[in-house]
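Right, one structure below, let's go through it.
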Amino acid sequence: MIVPNPPSLRRRRLVSALRRLRTEAGLTIVDAAEAAGFSEAKLSRIETLRHMVNGDDTYRLAQVYGADQQTTDALVQLARSSKQRGWWAAYSDDALGRLTDYIEMQADAVRIREFEEGIVPGALQTRGYTEAVLRLGLPDASEETIQQRLKVRTELQESARSRDLRMWVILDEMALRRPVGGRGVMADQLAALISAANSPGIRVQVLPTDMSGHPAMGTPFTLLDLADRATYVYLDTLAGGSYLEETRDVDRYESAWEALQATALSFEDSTSLMETIRTEHQGG
């Protein structure tokens, strides 16, 4: 028996966005299909991921649903790209680990806001730091697996830089003080963070250890703002990555982000603290 490949994340996102637009427009599947010139069966299969939706069909549906031009263009592009193989397709599942969905979402993101507690965010990690994290997290992995995962993470960073992806990172001070890979590795990592913080399109804030607490304690998360104006929450755990798209869930994390932003040190004070901690690692 041949098992069909599961729909790609891009295709699932596209269908979810189209379904949401239809619902917001107050149209039933019957009404929408008639207005778009589809059969009811075709639109039903599209919405249940049993029928591919191309760029032309996406455009017609977006027009029927009253989407603005920016949203329409983004959805049409998403429809076209859902059939394309991204750079990550060249890597094995073992090399990609649990990053597959995240990589695909980042490829379509225009802005990323990431909160981390015990670790430097992956997008701003140095190679030495990433390698140390991988070896700690995968003590039984082969050298080939470690090197392949390093390549994936390096290519993910390069992809973000090539697209001038806007990034806002908030991380806990302890992530900067913990000598992952040794003090030399951490000194280099701090230097890279300071450089990133002074780069256009990247913001870095630090949560000081002397603060009493915050709404996202124990819950690192990433908000991805996509070209089609959708925002997703990505959660990374030892068991794998998952994402949230329901408005009520996204709003909860948006509120947590606003609280973190207000609680963290200013950009200037964050950079100053990173410089101090870097000096401490250099002297250790």
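Below is a table of values for the structure above.
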quantity: Gaussian network model of the chain, springs between alpha carbon atoms under 10 Å - residue of Phe221, Phe115, Phe267 with greatest fluctuation; calculated: Phe267
quantity: Candidates Leu138, Leu193, Leu171: whichever shows maximal mean-square fluctuation once the chain is modelled as a Gaussian network with Cα springs under 10 Å; calculated: Leu138
quantity: Computed Rg/Rh of the stretch 9-81, alpha carbon atoms with Kirkwood Rh; calculated: 0.91
quantity: Fluctuation leader among Met186, Met211, Met174 - the chain, Gaussian network, Cα springs under 10 angstrom; calculated: Met211
quantity: Debye, to nearest 20: dipole size of the chain, +1 on Lys, Arg Cβ, -1 on Asp, Glu Cβ; calculated: 720
quantity: For Ser270, Ser159, Ser199, order by how many other beta-carbon atoms lie within 10 Å, fewest first; calculated: Ser199, Ser159, Ser270
quantity: Spacing of the two label points (7 Å from each Cα toward its C-beta) at Ser44 and Arg127, in nm; calculated: 5.6
quantity: Sum of -39500 (n - 2.57) over DSSP H runs of 4+, divided by residues of the chain (222 nm, nearest 500); calculated: -16500 deg cm²/dmol
quantity: Sequence of Glu24, Glu117 once ranked by neighbouring C-beta atoms within 10 Å, starting from the fewest; calculated: Glu24, Glu117
quantity: R0 of 25 Å, Cβ-Cβ distance Gln70-Thr23: FRET efficiency to nearest 0.05; calculated: 0.80
quantity: In the stretch 213-284, the trypsin sites (Lys or Arg not before Pro) that fall in loop regions by DSSP, at most 14 other Cβ within 10 Å; calculated: Arg229
quantity: Beta bridges per DSSP with both ends in the chain, % antiparallel, nearest 5; calculated: 55
quantity: Label of the coordinate-derived value, Cα Rg over 2.2 N^0.38 Å, listed as (1) 1.00; (2) 0.93; (3) 1.13; calculated: (3)
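Bear in mind these aren't lab numbers, they're just calculated from the coordinates by the rules spelled out. Keep in mind the model is a prediction, meaning the values are calculated, not measured. Here the Cβ is made from the backbone with ideal geometry for all residues, glycine too, and neighbour counts use every protein chain on show.
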